[in-house]
Amino acid sequence: MGSTAARRAFEFGKTHVVKPKGKHQATIVWLHGLGDNGSSWSQILETLPLPNIKWICPTAPTQPVAVFGGFPCPAWFDVGNLSEDGPDDVEGLDASAAHVASLLSAEPADIKLGVGGFSMGAATALYSGTCFAQGKYGNGSPYPVNLAAVVGLSGWLPCSRSWKNKVEGSDEAVSRTASLPLLLCHGKVDDVVQYKHGERSAEVLSSTGFKNLIFKKYDGLGHYTVPEETDEVCNWLITTMGLEGK
């Protein structure tokens, strides 16, 4: 793209907030899947036994999506197929990762920060994790917040091919990569984002220095979530973020 290329305007939709029912210790931005909105996940997150977490559920910009033949719908970035094999929309990914970071940067200094999501939201959360690890977005601008946890359900790692080449960075980047806690979960019979893409993403992250990574697979699970999986996420967040539970 030449310097004359027009920059896309990203207009994010409504943000839904689930306030902590107990002592506020952590804030997590949770990102919905393709074509969804922040409201549906806020209703699920509200039911979880995690009184110390404030959940922020933004809604993606409505934009043309190649996988739907250019039909516009809420999407965190443009995607040709739901896997790490498609072309990477770095501009869209950077815009969504920056939106997440701006939501988190408004939180008090003593609050632990995280990002998670489902499907395309999980892909955006993992991309945010790689930006934090590198200390910069794909476009080179500095990444401004300190992430303490990343969760990805039924997702994939965008830019995985180029990510492998970026890892040799500063000592700080290597240290952030090694210490950032990541939880990836995927159903074995997912017919939207195939299991092999989730497994491959976990392998790429592990092989490039993300040592604090857990990959959980669920037999019989398709492209949705189940109580067994949400229980796993809750337990992992309580342990990882040191939550008091009241």
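Quick notes on this one:
- Candidate set: segment 229-246, residues that are free of Cβ contacts under 8 Å to residues at least 60 places away in the same chain and exposed (fewer than 14 other Cβ atoms within 10 Å of the Cβ); chosen: the one nearest to Val193 (Cα to Cα): Asp231
- Residues within segment 203-228 that are within 14 Å of Ser119 (Cα to Cα) and crowded, with 17+ Cβ neighbours inside 10 Å, tallied: 3
- Highlighted here are the strands (runs of 3 or more DSSP E) found entirely within segment 13-89 that include at least 3 residues which are within 28 Å of His197 (Cα to Cα) and out of contact with any Ser or Thr (no Cβ under 9 Å at 6 or more places or on another chain): 62-65.
Conditions tested, residue by residue: (1) farther than 28 Å from Gln25 by Cβ; (2) assigned to a helix (DSSP H, G or I).
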site: Pro158; (1), (2): yes, no
site: Ser162; (1), (2): yes, yes
site: Ser175; (1), (2): no, yes
site: Ala178; (1), (2): no, yes
site: Asp190; (1), (2): yes, no
site: Lys211; (1), (2): no, no
site: Gly222; (1), (2): yes, no
site: Thr225; (1), (2): no, no
site: Trp236; (1), (2): no, yes
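- Of the set (1) in contact with a strand residue (DSSP E or B) (Cβ under 6 Å, 6 or more places away or on another chain); (2) under 20 Å from Trp236 (Cα atoms); (3) surrounded by fewer than 16 Cβ atoms within 10 Å (Cβ to Cβ); (4) among the hydrophobic types (A, V, I, L, M, F, W, C), all apply to Ile28 but (3).
- Tally of residues being touching a helix residue (DSSP H, G or I) at 6+ places or on another chain (Cβ under 6 Å) and at pLDDT below 95 across segment 82-116: 2
The values are calculated or read from the model by the stated rules, or taken from the named source; none is laboratory data. Everything quoted here is computed from the prediction, not taken from an experiment. Positions of Cβ are backbone-derived with ideal geometry, glycine not excepted, and every protein chain shown enters the neighbour counts.
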